[in-house]
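Please read the structure below before turning to the comments.
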Amino acid sequence: MYLPPQFEQPDRAVMHELMHTRSLATLVTSGSDGLNANHIPLHLSATHESLGVLRGHVARSNPILNDLDSAIDALAIFHGPDTYISPSWYATKQQAGKVVPTWNYTVVHAYGRLRIIDDAVWVRAQLEALTAQNEAGLPHPWAVSDAPEDFTDKLIGAVVGIEMVITRLSGKWKVSQNQPLQNQHSVIQGLTASGQTAMAELVKTGIK
């Protein structure tokens, strides 16, 4: 990933938060037919001392299970908020007109060896953890145990667990840090007016 210094996100806790709240990852692996990409919700387990462990599951029929090069790192990509930035939002447009469109975004790349875990007990625990994370905050959270056990046992038998111990993390927060202060403030105004408050808050955090 091309990572100019001004866009680098060095804070592990901030990267972990994005991975936690935006858990649908693009999992890139290498096999005999080249690169493959699967879109898989991954549950992050992490401490302040570690880069973390990602756990998920895939269908037993997914070719990733039969054609995975375990000697090569896999890459899990987590996407945060992103949006088009109109040059009409830049305050400096009125001064010289030398402005062009761009795209703001946040992203985390997690690298590590992928391990396949064909264990029904492990898969059930992974499903319970992933479900609890995503049901948290709902008025009536659903749990795996709410469904009949014979029903969930059958479904669990159709999937296989995957696990990645993260060995490298890279975060990119491209949120208008390369713009002069007056443009950063006017971009915040433009984003807020168009209802894109998540990106507006991210631009605020990038102001020095």
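The values are calculated or read from the model by the stated rules, or taken from the named source; none is laboratory data. Given the structure is predicted, the values throughout are model-derived calculations rather than measurements. Here Cβ is always computed from backbone atoms with ideal geometry, including for glycine, and neighbour counts include all displayed protein chains.
Let's see how each residue does on (1) of a type outside the set (A, V, I, L, M); (2) at negative phi; (3) surrounded by fewer than 19 Cβ atoms within 10 Å (Cβ to Cβ):
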| position | (1), (2), (3) |
| --- | --- |
| 17 | yes, yes, yes |
| 34 | yes, no, yes |
| 45 | yes, yes, yes |
| 48 | yes, yes, yes |
| 73 | yes, yes, yes |
| 77 | no, yes, yes |
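Among the residues of the stretch 74-102, those that are in contact (Cβ under 8 Å) with a residue 12 or more places away in the chain and among the aliphatic types (A, V, I, L, M) comprise 74, 75, 76, 77, 85, 91, 99, 100.
Does at least one position in the stretch 111-126 carry a residue that is within 18 Å of residue 21 (Cβ to Cβ), under 20 Å from the mean Cα position of the chain (by Cα), modelled with pLDDT of 95 or more and not in a helix (DSSP H, G or I)? The answer is no, given that none of the residues of the stretch 111-126 is within 18 Å of residue 21 (Cβ to Cβ), under 20 Å from the mean Cα position of the chain (by Cα), modelled with pLDDT of 95 or more and not in a helix (DSSP H, G or I). Scanning the stretch 110-152 for residues that are of a type in the set (D, E, K, R), loosely packed, with under 12 Cβ neighbours inside 10 Å and touching a Ser or Thr at 6+ places or on another chain (Cβ under 8 Å) yields no hits at all. Within the stretch 169-208, the residues that satisfy the criterion of being of a type in the set (Gly, Ala, Ser) and either part of a loop (DSSP other than H, G, I, E, B) or under 12 Å from residue 83 (Cα atoms) (or both) are 176, 190, 194, 195, 198, 200.
Condition check ((1) without any contact (Cβ under 8 Å) to a residue 24 or more places away in the chain; (2) among the small types (Gly, Ala, Ser); (3) out of contact with any Pro (no Cβ under 6 Å at 6 or more places or on another chain)) across all residues:
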{"site": "143", "(1), (2), (3)": "yes, yes, yes"}
{"site": "147", "(1), (2), (3)": "yes, yes, yes"}
{"site": "153", "(1), (2), (3)": "no, no, yes"}
{"site": "158", "(1), (2), (3)": "no, yes, yes"}
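Looking only at residues in the stretch 178-189 that are touching a residue at least 40 places away in the same chain (Cβ under 8 Å) and surrounded by fewer than 18 Cβ atoms within 10 Å (Cβ to Cβ), the one that is farthest from residue 88 (Cα to Cα) is 178. Residues in the stretch 92-109 that are in contact with an Asp or Glu (Cβ under 8 Å, 6 or more places away or on another chain) and loosely packed, with under 10 Cβ neighbours inside 10 Å: 103 only.
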